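To start, the structure under review is shown below, and the notes come after it.
Derivation of every value follows stated rules applied to the coordinates shown; laboratory data play no part. This is a predicted model, so every value here is computed, not measured. As a convention, Cβ positions derive from the backbone with ideal geometry for all residues, glycine included, and neighbour counts pool all protein chains shown.
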There are 2 protein chains.
Amino acid sequence: MKTLSISAIAFLILLSINSRAQITNKVDQNNPNFVFPKGELGPADNFTGKAWNIGLIENDSVYNTVVGNVYFEPGARSNWHTHPSGQILIITDGEGYHQIKGQPRQTLKKGDIVKCPPNVEHWHGASPQAGMLQIYILPKTEKGIVTWLQKVTDEQYLSK
Amino acid sequence: MKTLSISAIAFLILLSINSRAQITNKVDQNNPNFVFPKGELGPADNFTGKAWNIGLIENDSVYNTVVGNVYFEPGARSNWHTHPSGQILIITDGEGYHQIKGQPRQTLKKGDIVKCPPNVEHWHGASPQAGMLQIYILPKTEKGIVTWLQKVTDEQYLSK
């Protein structure tokens, strides 16, 4: 009975630890909390690593606004690019970076909001260790959507 | 020793159940997954029940876009209102309703996206049983933000 009890206790301790591990995983940055489907893999011409995009609001002449969601896997980032009317980013989970050309790289986390002004070069992506989930908003799309530029080098990506 | 073991097992079973309950609560619609702070209580003149608002992007002449987050507690809803350039709603957790004047009430859940056209009367809010978390986007704010109208009656709120 004593041996059985010790085994049972050991099992329940493991079960308890496992349950706690699941709680931790729910908010772990390697397992982002998806609100939308993951979407389609972004083209290798415009992204380094795996970035998954789903469009939420398509462009039209009523709202002139494009909205979508991107999941950057750890290490993934966009190329440098510009938007003719700028961009608003809303970070909904994970951790990553945003950099405006000529400025230091910013670290982003859940709940952060970033604006990039019109026609300014920028890139965004996940940190090397954690994925990042972001909603993007492109306003005033009558002026256009995006102009893709060169890759973000590893040196640029890792510079602080 | 036997009594001690049984107590320890009972304790660990309770611990395990409690840990699992926490996991369930994380996705329960009565405990929405907050990305942003809850914000300020919306004024009783414009809302029925408790609706908490936090501004994320303030109006300016560069983006002409206002973004914010509302948490409607169970049973809470906005008044009828219009936006001169329309509105985009992104439901990030919970469950609720959206109704455009003259159309049936729509049920909304996590991941749903809704558009309401310019100058059209609408209301939105939580279901009676579950809170609702939503991000709102107001485009083309050079035309204005919002015109508040009459309360949504209980009959309107509960009509299917």
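Reducing the stretch A:91-160 and the stretch B:81-160 to their Cα centroids gives an inter-centroid distance of 30 Å. Taking Lys and Arg as +1 and Asp and Glu as -1, the other residues whose beta-carbon sits under 15 Å from that of residue B:60 total +2.
Counting 0.36 nm for each residue step from residue A:106 to residue A:143 and taking away their Cα separation leaves a gain of 10.6 nm.
Mind checking the mean number of beta-carbon atoms from other chains within 10 Å of the Cβ atoms in A:80-86? Provide the component values of the computation, followed by the final result.
Details: counts 0, 0, 0, 0, 0, 4, 3.
Whole-number average of other-chain Cβ neighbours for A:80-86 is 1.
Straight-line reach from residue A:151: taking Cα to Cα under 15 Å and skipping same-chain neighbours fewer than 8 places apart, the aspartates and glutamates in range are A:45, A:121.
For Cα pairs less than 8 Å apart in space and 6+ apart in sequence, what is the mean separation divided by the residue count of the stretch B:38-158, i.e. the relative contact order in percent?
32 percent
Checking the a/c ratio against 1.5 first, then a/b against b/c, what shape does the Cα gyration tensor give for the stretch A:38-158? Prolate.
Scanning residues 5 or more positions from residue A:47 or on other chains, those with amide H under 5 Å from its amide H are A:79, with H placed 1.01 Å from N in the peptide plane.
By the rule of a C-alpha distance below 18 Å, with chain neighbours fewer than 8 residues away ignored, the aspartates and glutamates paired with residue A:110 are A:28, A:73, A:93, A:95, B:93.
The residue list A:82, A:71, A:102 was ranked by how far each Cα lies along the charge dipole of the stretch A:38-158 toward its positive end, using unit charges on Cβ atoms, and A:102 comes out on top. Candidates B:120, B:136, B:152 compared by Cα position along the dipole of the stretch B:38-158: farthest toward the positive end lies B:120, with charges placed on Cβ. Sorted on the mean count of surrounding Cβ atoms within 10 Å across their residues, most packed first, peptides B:144-154, A:66-76, A:42-52 read A:66-76, A:42-52, B:144-154.
Summing +1 for each Lys or Arg and -1 for each Asp or Glu among the other residues whose beta-carbon sits under 13 angstrom from that of residue B:48 gives -1. Listed by chain and number, the lysines placed with their C-alpha closer than 17 angstrom to that of residue B:140 are A:115, A:140, A:143, B:115; residues fewer than eight positions away on the same chain are left out.
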